[in-house]
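Asker: Take a look at this one; I'll ask things after.
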Amino acid sequence: MTELRHRGAKDGEPPLEQQPSEDKGSDSELKADKDGVSEESKVDSGVPEVPVPPDDTPEVLNKALSGLSSRWKNWWVRGILTLAMISFFFLIIYLGPMVLMMIVLCVQIKCFHEIITIGYNVYHSYDLPWFRTLSWYFLLCVNYFFYGETVTDYFFTLVQREEPLRILSKYHRFISFALYLTGFCMFVLSLVKKHYRLQFYMFGWTHVTLLIVVTQSHLIIHNLFEGMIWFIVPISCVICNDIMAYMFGFFFGRTPLIKLSPKKTWEGFIGGLFATIVFGIMLSYVMAGYRYFVCPVEFNNDSNRFQVDCEPSELFQLQEYTLPGVLESVTGWTTVRLYPFQIHSIALSSFASIVGPFGGFFASGFKRAFKIKDFANTIPGHGGIMDRFDCQYIMATFVNVYIASFIRGPNPSKVVQQLLALRSDQQLYIFNSLKAHLTEKGLLRAAEAAA
């Protein structure tokens, strides 16, 4: 507290005890806003502002929309760019799972770059040694660890077939730890006496960014391997909720939802919720009928390519459900035929609409803390890539947990792959144990077991 009082005096501010409190009325807040200085900015005045990026809206759009008010101009810019991004999304889905994985990796790198750049710009004047170099080095280490785990898990047969890959797989975690330890030692060696505290701030900044961006993008890859429908439906629900909440809020919004995002309204939140649930059920119905979307993405060892072909599980087979009495009286239907996945899509849509926006609110609070409007200006009218994926990352974590908790069961093919990698004596031991177990349960007759 003493330190804060001294800092206030040093910056030409009154001590914190003398600063006006938030509960002295809205007049003081309005006055502070008019002067461009809020209570928050007084307390955080030690944090330099990040330079505001210039408007990079394409000139052709600026000319075409020059006669519109700023509100409607922003509406049209966001709408046109949204359609362009949706078209690009359809294209990468058509190109297949490998392209999707590469896009996820590129998005992850760009999001990491945007967050690290904010940290670099905020503390740019201190000229911290090795900060950016170490940040990118840690990104490389974490990606090596996660993608190495994925390769070992989903390309097990290929890894065991190639000697260099087999060695890397066997010692993967040790190599990953050694790489991280090297970066850790480099950070300790880079410490400068007058910048200790700031350097540890940036060390924490980098690691939190890795936790938010890299870990959750890795979960997106895992969701994709479960079947493209587990990748496309959640992402589409978040996109739909973002669009419909914006539309409902733009035309009907009157009641503010949360102070962190003053433009968010209850009308947009509720309208987006119902629209997203309906959208999720309809999209799930369309996609559940195609093996390309519902089959797990697996690596074919014969062709050395990814394949998306299987016998769809019960989750993607039409079943008849009896409607509750209330719905029966409204619709007049006694039963309805649905894919079980459509019921799961209600949970996904609800999460995307109710909890997903809190990822955006978190990002809004982060941006307000550093007095910036967007993470970057990569997409005109939308901000940076991180501005578009702030809700997607929390959604990816939920989907991964949901699959592990309610959907995924033991995978026989992976068990067989691991058994084939064992020594002959280990395989015989497992064979005899399994034979004795099946005989005991009566699934295998003793005579057949003896033969």
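The values are calculated or read from the model by the stated rules, or taken from the named source; none is laboratory data. Keep in mind that this is a model prediction, so the values were computed, not measured. Note that each Cβ is placed from the backbone with ideal geometry, even for glycine, and that neighbours are counted across all protein chains shown. Note: areas computed on protein heavy atoms with side chains; ligands, DNA, RNA excluded. Shrake-Rupley method; radii C 1.70, N 1.55, O 1.52, S 1.80 Å.
Asker: Accessible area, 1.4 Å probe, largest first: how do E314, E440, E162 sort? Numbers along the way, then the final one.
Answerer: Numbers: E314 130, E440 155, E162 80 Å².
Order by accessible area, largest first: E440, E314, E162.
Asker: Could I ask something else about it? For D387, D302, D153, give me the order by solvent-accessible area with a 1.4 Å probe, most accessible first, ignoring ligands, DNA and RNA.
Answerer: On the way: D387 10, D302 150, D153 55 Å².
Sorted descending by solvent-accessible area, the residues read D302, D153, D387.
Asker: In segment 129-148, which residues have a backbone nitrogen under 17 Å from the label point lying 7 Å from L211's Cα in the Cα-to-Cβ direction?
Answerer: 138-139, 142-143
Asker: May I ask for the distance between the Cα centers of segment 135-168 and segment 308-337, given as a whole number of Å?
Answerer: Centre-to-centre (Cα) distance: 42 Å.
Asker: What share of all Cα pairs of segment 222-409, in percent, falls into each consecutive 5 Å distance bin?
Answerer: 1, 8, 13, 16, 17, 14, 12, 9, 6, 3, 1, 0
Asker: With labels modelled as points extended 7 Å from the Cα through the Cβ direction, what inter-label distance (nm, one decimal) is found for I270 paired with Q317?
Answerer: Here the modelled spin labels are 4.2 nm apart.
Asker: May I ask you to list the trypsin sites (Lys or Arg not before Pro) in segment 336-402 that are in a DSSP loop and have at most 14 other Cβ atoms within 10 Å of their Cβ? Don't jump to the answer; show the numbers that get you there.
Answerer: Working: sites: R337, K367, R368, K371, K373, R388; in loops: K371, K373.
Passing sites in segment 336-402 are K373.
Asker: What is the percent carbon and sulfur in the accessible area of segment 222-409, measuring with a 1.4 Å probe over the protein chains and ignoring ligands? Could the numbers behind the result be given before it?
Answerer: On the way: 5990 of 9320 Å².
Accessible surface attributable to carbon and sulfur in segment 222-409 totals 64 percent.
Asker: Can you work out the accessible area per residue across segment 328-410, with the rest of the protein chains kept in place, probe 1.4 Å, in square angstrom?
Answerer: Values: 3660 Å² over 83 residues.
Result: 44 Å² of accessible area for each residue.
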